[in-house]
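Colleague: Before I ask anything, here is the structure I am working with.
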């Protein structure tokens with residue numbers, strides 16, 4: 001909710017999926033998309049760095065020592081979940097895709113409904129309405145994949161996790177996706 005109020009003139013583009021959908025459906029200029037997406041990812045990366053700096057001593061204690069950094073699936077005390085989302089162990093890759101796709105599609109549909117002043121719309125209560133939308137999506141879809149629904153909020157902190165000492169950028173419990181030839185984190 002605060003992100004929507006704070007972003008003001010940008011149109012609250014704090015999610016690459018929202019920016020992408022606006023390029024397709026709302027005539028947002030495609031030439032601005034790469035810059036916005038990069039800024040969104042870097043902003044989330046910086047924010048996760050601030051969170052890490054604030055909680056570093058607590059993470060060291062929770063993980064079992066200075067410099068120990070684990071991801072879910074390798075340790076009961078994994079702290080990587082603080083920064084990015086991980087799916088439940090029973091989820092297939094197809095199930096993960098559809099869970100995130102449906103949640104993101106619902107998010108976009110409801111953002112457009114809240115902002116449609118030709119309809120009922122939400123007017124100045126749009127940020128509050130958006131809070132309830134995201135809360136509802138989280139309540140319905142969060143237990144399966146952690147409801148990332150925002151590439152920037154998930155990928156930026158994954159990059160920060162990598163830079164802060166994890167041996168890879170974790171994709172799901174027990175596997176890595178980028179910057180590492182290893183199969184396990």
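Colleague: Measuring from centroid to centroid over Cα atoms, what is the spacing of the stretch 98-140 and the stretch 17-59 in Å?
Modeller: Using only Cα atoms, the two centres lie 19 Å from each other.
Colleague: Each label point is 7 Å from the Cα along the Cα-to-Cβ direction; what then is the distance between the points at residue 66 and residue 139, in nm?
Modeller: 4.5
Colleague: I need the shape label for the stretch 2-178. Rule: rounded when a/c is under 1.5, else prolate if a/b > b/c, else oblate, with a, b, c from the alpha carbon gyration tensor. All intermediate terms of the calculation are to be shown ahead of the outcome.
Modeller: Values: a/c = 2.02, a/b = 1.72, b/c = 1.17.
Prolate, since a/c reaches 1.5 and a/b exceeds b/c.
Colleague: Figure the gain on full extension for residue 128 and residue 58 (residue separation times 0.36 nm, minus the Cα-Cα span) and round it to one decimal in nm.
Modeller: Numbers: separation 70, 0.36 × 70 = 25.20 nm, distance 3.23 nm.
This chain segment gains 22.0 nm when fully extended.
Colleague: Of 120, 134, how do they rank once you tally other Cβ atoms within 10 Å and put the fewest first? Walk me through the numbers on the way to the answer.
Modeller: Numbers: 120 9, 134 18.
With the fewest neighbours first, 120, 134 line up as 120, 134.
Values quoted throughout were computed directly from the atomic coordinates according to the rules given, and no laboratory measurement underlies them. Since the model is a prediction, treat every value here as computed from it, not as a measurement. Quick reminder, even Gly has a Cβ in these numbers, built from the backbone with ideal geometry, and neighbours come from all protein chains shown.
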